[in-house]
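The values are calculated or read from the model by the stated rules, or taken from the named source; none is laboratory data. None of these values were measured; they are calculated from a predicted model. In this analysis, Cβ positions are derived from the backbone assuming ideal geometry, glycine residues included, and neighbour counts consider all displayed protein chains.
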Amino acid sequence: MKIRKGPGQHNDVVAYVPSKEYVLVCDELSTPATFEGKKGNWRRVQFKTKFGYLFDGFVTQAKSNLILNDSSWTVAEMPDVNQILDSTRTQVESIETSILEQGSTAESTPTAFQDTNEVTTEIIIPNSAIQESIIVDSVAQQEVKDSLIEEIAKVNPEPDAFIFAVETFNYCGEITQLDPGIRWYGIYYDEDMKAYRNTRIELEVIRSKYALGTGLEFDIKSESSVTPHFMLGTKSKLDTTIEIEFNSSYFENRPKSLYPGQSVNIYSSAPIHDIYNFTLFATGNVTDVGICPVMEDYKMKLTGEMNDSLIVQDLTMDIPFFGKCGMPSIYWFGDFNKDSYPDFILASQSKEKTTFVLFVSDIQTNGTLVRKSGEWSYEKCD
């Protein structure tokens, strides 16, 4: 059975649970669901070191404690594979997993397998090499092996490197980092659908026809006649089917620039409450008011849950320029790398300069929600 990042089949797989294995199940119910006529709920679970959500309709309560030595592994009452196969499919799923973990001594962690009402048993899961094979036929087995490799790569991907830019005319900054030969994507806003979409584009870097200063100036743009909200360059392939719901009224009752004490929720694809959402907030002191407030010790921070931990991350040192009033504004947020967590862009502007900073969710680094992945600045040419 598959453990997913969130409650629902649309979420990515974070782990596979072999037949007859133990998982640790939280007694708090999540989203109701029905599979193969079986009613149940998505529940938060732990399997070895992985956390996620699993449909509990096929999971039966453990009958006893099973604590085995280093050379063995704990067998739990997960269903046989045939119980969850669709009746119209034949010989479609066989699973072979091989998990090799470091360490010769099994570290024991007391945990509880719970039904809806109470804790029923305690188990210890050893950190040891585990291998289980359920063979239906050789063809299906190879197909599942291939899919497992793809899923593992999705669960633990290498961080992507992005080049970030917005369309700019008479740009007099550094252009050597803009490589038109890599994949470029434009994030466009669809006014009719009230959503952002991702589209493959061709980046154009053209010398400006009319210079405003004394040096070289370039027009940085896509080949499209429609201006993208921003552009991303990467060697990786991005999903062009993403759709990020956003209504321009979102910020009517929410701040785009945060005074100390203010906060705003940002989401990945839809404006709903979700454990993957982040909250941007600001701290500091306002010592005087005016067109621009006078502030001391202004900091911009981010909080959210990742890898089963509540994290607060200070973004201040990653923002090189805070703009005329000392407060960056939220330029965009959404999930273009499809890891379920929000990515976002902050913008700081003054009469002479504008700076954008791209933050991308980081599921690899413990204690971190996002990493600074790109920066784009332009200023008045001399």
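What the table below lists for this structure:
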| item | result |
| --- | --- |
| Enumeration of residues in the stretch 209-252 that are surrounded by 18 or more Cβ atoms within 10 Å (Cβ to Cβ), more than 19 Å from the chain's Cα centre (by Cα) and more than 18 Å from I330 (Cα to Cα) | E217, F218, I220, K221, S222 |
| Test: residue in the stretch 337-347 that is over 26 Å from A195 (Cβ atoms) and at pLDDT 95 or above | no |
| Matching residues in the stretch 236-251 - criterion: being under 16 Å from I266 (Cβ atoms) and part of a loop (DSSP other than H, G, I, E, B) | I242, F246, N247 |
| In the stretch 22-43, the residues that are free of Cβ contacts under 8 Å to residues at least 60 places away in the same chain, more than 20 Å from S268 (Cβ to Cβ) and buried (at least 20 other Cβ atoms within 10 Å of the Cβ) | R43 |
| Unique match (being outside the structural domain of N307 (by TED's automatic domain parsing) and either surrounded by 15 or more Cβ atoms within 10 Å (Cβ to Cβ) or not in a loop (DSSP other than H, G, I, E, B) (or both)) among G8, G57 | G57 |
| Given (1) surrounded by 15 or more Cβ atoms within 10 Å (Cβ to Cβ); (2) over 28 Å from D160 (Cα atoms); (3) not aromatic (F, W, Y), index of the condition C292 fails | (1) |
| Positions within the stretch 307-348 being part of a strand (DSSP E or B), of a type outside the set (A, V, I, L, M) and touching a strand residue (DSSP E or B) at 6+ places or on another chain (Cβ under 8 Å), in sequence order | Q313, D314, S329, Y331, W332, F333, G334, D343, F344, S348 |
